[in-house]
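First comes the structure, then the notes that go with it.
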Amino acid sequence: MRYLPDENLYGFTIIGPETDIHDRLHYHSLFAMLQEAACLDADRHGFGAEVMDGLSVCWLLLRMKVEMDVIPKWKDEIYIRTWSQGFERLLFHRDFDIFDKDRNRIGKATSVWVIAHQGDHRPVRPSSIEGMNVFEAHGPSERKAEKLAPIPDEMREQAPRLKRFADYSQIDRNMHVNNTHYVAWSEDACYSLIPNEKRISGLTINYSSEVHPGEEVLLYSVLQDGKITVDGIEAVSQRHVFTTQIVSE
């Protein structure tokens, strides 16, 4: 990763393990790049990981929507620009633009975050932390990461099901499965529903519950109105973990 301060861009070169059988960038790999750009931009504004650690708080992602006009491939260079769209009550809004090496915009994204206590991950009011005004919006955003409805129970009972486990390699510094793995699980769950000649052009995900080390998650997927919905349900407690909506073309 490299930062271009004159253009406020974070640059990434796509490596082989980040791509699929067609050499196209996986969405979970793209989410990792977006997350890294967001964290580095927060750091540039004085609220990166080290500062947040000192306050015993952390950033948690609640929702994200990504739309891609072009899917970059292995060895391509892409650039990400990200900026705050301000906060209201507990929620922080952040937008992204994604460019190819010639600075043509090939995608866009929007996201919703919250600041939480590191111990119990209960939300923290931004007004309680001095200096949060640096994240005030530059202007109104038309982008929205919608709240998604989970798959109805009666449909879920008949939907294809996969199992995934919260193994060591998926746990991040917040002691839960990193948000990018939920996207990877969603890609796994929807794969059989997308014809080989099509690609994912958009993905929206809502995170509703943490997955802790050792837990098992059941994945259900259904095709409705041309869109695929994936639900993650913790196997023992049956709590809802996430819902993803995937658009292909």
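The values are calculated or read from the model by the stated rules, or taken from the named source; none is laboratory data. A quick note: this is a predicted structure, and the numbers were derived from the prediction, not measured. Cβ: placed from backbone, ideal geometry, glycine included. Neighbour counts: every protein chain shown.
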List every residue pair whose Cβ atoms lie under 8 Å apart, where the two residues are 6 or more positions apart in sequence or sit on different chains, the first residue falls within the range 197-222 and is not assigned by TED's automatic domain parsing to the domain that holds Tyr182, and the second residue, located anywhere, is among the aromatic types (Phe, Trp, Tyr). none
Listed residues Glu130, Glu146; which is within 25 Å of Val66 (Cα to Cα), assigned to a loop (DSSP other than H, G, I, E, B) and not assigned by TED's automatic domain parsing to the domain that holds Ser208? Glu146
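Report whether or not Val236 is within 29 Å of Ile98 (Cα to Cα), outside any helix (DSSP H, G or I) and not assigned by TED's automatic domain parsing to the domain that holds Asp23. Steps first, please.
Numbers: within 29 Å of Ile98 (Cα to Cα): no; outside any helix (DSSP H, G or I): yes; not assigned by TED's automatic domain parsing to the domain that holds Asp23: yes.
Against the criterion (within 29 Å of Ile98 (Cα to Cα), outside any helix (DSSP H, G or I) and not assigned by TED's automatic domain parsing to the domain that holds Asp23), Val236 does not qualify.
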Out of all the residues in the range 12-37, which are under 20 Å from Asn178 (Cα atoms), in contact with a Phe, Trp or Tyr (Cβ under 6 Å, 6 or more places away or on another chain) and exposed (fewer than 14 other Cβ atoms within 10 Å of the Cβ)? none
Inside the range 168-190, can you point out the residues that are of a type in the set (S, T, N, Q), outside any helix (DSSP H, G or I) and buried (at least 18 other Cβ atoms within 10 Å of the Cβ)? Asn178
Restricting attention to the range 57-89, which residues are surrounded by fewer than 16 Cβ atoms within 10 Å (Cβ to Cβ) and at pLDDT below 90? Glu88, Arg89
If a residue has to be touching a residue at least 60 places away in the same chain (Cβ under 8 Å) and within 15 Å of Glu234 (Cβ to Cβ) to count, how many in the range 168-196 make the cut? 2
Pairs needed: first member in the range 146-167, surrounded by fewer than 11 Cβ atoms within 10 Å (Cβ to Cβ); second member anywhere, among the hydrophobic types (A, V, I, L, M, F, W, C); C-beta distance under 7 Å; at least 6 residues apart or different chains. Lys163/Leu218
Test Leu30 against the criterion of being assigned to a helix (DSSP H, G or I) and either closer than 25 Å to Met175 by Cβ or not acidic (Asp, Glu) (or both), and give yes or no. yes
Looking only at the range 35-92, count how many residues are among the aliphatic types (A, V, I, L, M), under 20 Å from Lys144 (Cβ atoms) and outside any helix (DSSP H, G or I). 9
With respect to Asp172, determine if the residue is under 21 Å from the mean Cα position of the chain (by Cα) and not hydrophobic (A, V, I, L, M, F, W, C). yes
